[in-house]
Every structure is written in structure tokens, then in C-alpha cells.
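Okay, so here's the structure we're looking at.
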Amino acid sequence: MGDLIKDKGGDLIGLFHGKNGEIAIPKPFERDIFLFDTHVAGTSHVEGIEELEPHLNIDDRLAFFREPDNPHDSQAIVIKNADGVKIGYVPKADNVIFARLMDAGKLLFARITSKEITDGWLRIGIRVYLHE
């Protein structure tokens, strides 16, 4: 941050300055806040999940998208990988508060913490974060 700047007459011009006299306003503090551990629901209903599984890695970031018109759950949150491919949903038992946060304009996402295939079902463990 720059020092106080005064013009030639001694008047105060501003608190922040950058290169070439431009105003430089510091970016707000950003952080990812851990909220909850859960898993991806509905992977057994995703067509092609077996081919997708090798491309899902621990610590991959997953995007959340609200699906309020879902006929089975008005609080539904779709989970997609970095390529925009749907891999499942936030479990219905866990999604009410997350849906409210997203509806209020908050950015939520997840990171993969584990994955295993059990009896033909791909279980993907995730950690849910709020980007603030």
C-alpha cells in the first residue's frame, strides 16, 4: 500500500496508489472454508462412470450447481468434474444448508478425498468447501 499522496497545493489525494499514479485497491481476503465431509450420491446412475473413474483423482476440485427444478429433490446440487461432466449429487440428507448457501449467492465446491469401487458402485468421498 502506498503512502498518503498530496497534490501540489497540499491537499490529500488518496490513501492507495499504484504504478503510474493509478489507484490500487487491495483485493479482498479470499479463502476456502472447510464445511463438511460426505460422498457423491448417485454415481451408479451416471452413464459412463466406469470410464470416467480413472480420470477422477484425489484432491481434484469438483464444481457444484443447483438444480432447483429436480423432480426428486428441490434442494438438489449436481456435482461435476473440471470438464463439466456430471458425476452425481450432494446426498439429499446433506444438501439443505448447502442449497440455501448457494441460493444466497455463495460459491461451494468440493475436493475428492477418496474413491473406491465396491460391488459395482463407485464411492467418491469429498470435502465440501465455501469459497469466501
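The values are calculated or read from the model by the stated rules, or taken from the named source; none is laboratory data. Just so it is clear, the structure is predicted and the values come from calculations on it, not from any experiment. Here Cβ is always computed from backbone atoms with ideal geometry, including for glycine, and neighbour counts include all displayed protein chains.
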Residue by residue through region 81-123, note down the ones that are of a type in the set (D, E, K, R) and either in contact (Cβ under 8 Å) with a residue 40 or more places away in the chain or more than 21 Å from I33 (Cβ to Cβ) (or both).
-> D83, K86, K92, D94, R111, K115, E116, D119, R123
Do we find a residue being closer than 17 Å to L130 by Cα and assigned to a loop (DSSP other than H, G, I, E, B) anywhere in region 60-68?
-> yes
Filtered residue count, region 56-87, keeping only those that are more than 15 Å from the chain's Cα centre (by Cα) and among the small types (G, A, S) = 2
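On the given criteria, is I87 in a strand (DSSP E or B), out of contact with any Pro (no Cβ under 7 Å at 6 or more places or on another chain) and hydrophobic (A, V, I, L, M, F, W, C)?
Details: in a strand (DSSP E or B): yes; out of contact with any Pro (no Cβ under 7 Å at 6 or more places or on another chain): yes; hydrophobic (A, V, I, L, M, F, W, C): yes.
When the stated conditions are applied, I87 passes them.
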Just need a number here: residues in region 69-84 that are buried (at least 17 other Cβ atoms within 10 Å of the Cβ), in contact with a strand residue (DSSP E or B) (Cβ under 7 Å, 6 or more places away or on another chain) and either part of a loop (DSSP other than H, G, I, E, B) or modelled with pLDDT under 95 (or both).
-> 2
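Looking at region 117-132 only, could you name the residues that are surrounded by fewer than 16 Cβ atoms within 10 Å (Cβ to Cβ) and at pLDDT 95 or above? Quick ask: steps written out before the conclusion?
Just the residues of region 117-132 that are surrounded by fewer than 16 Cβ atoms within 10 Å (Cβ to Cβ), to begin with: 117-121, 123, 131-132.
Passing the criteria: only R123.
Can you say whether I49 is over 19 Å from L130 (Cα atoms), at pLDDT below 95, out of contact with any His (no Cβ under 8 Å at 6 or more places or on another chain) and loosely packed, with under 13 Cβ neighbours inside 10 Å, as far as the supplied structure shows?
On the way: over 19 Å from L130 (Cα atoms): yes; at pLDDT below 95: yes; out of contact with any His (no Cβ under 8 Å at 6 or more places or on another chain): yes; loosely packed, with under 13 Cβ neighbours inside 10 Å: no.
No, not satisfied.
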Would you check which residues across region 96-116 are surrounded by 18 or more Cβ atoms within 10 Å (Cβ to Cβ) and either among the basic types (K, R) or more than 14 Å from the chain's Cα centre (by Cα) (or both) and list them?
-> K115
Return the total of residues in region 38-58 being farther than 20 Å from F98 by Cα, in a loop (DSSP other than H, G, I, E, B) and not hydrophobic (A, V, I, L, M, F, W, C).
-> 3
When you look at I126, is it under 17 Å from L62 (Cβ atoms) and either part of a strand (DSSP E or B) or not aliphatic (A, V, I, L, M) (or both), yes or no?
-> yes
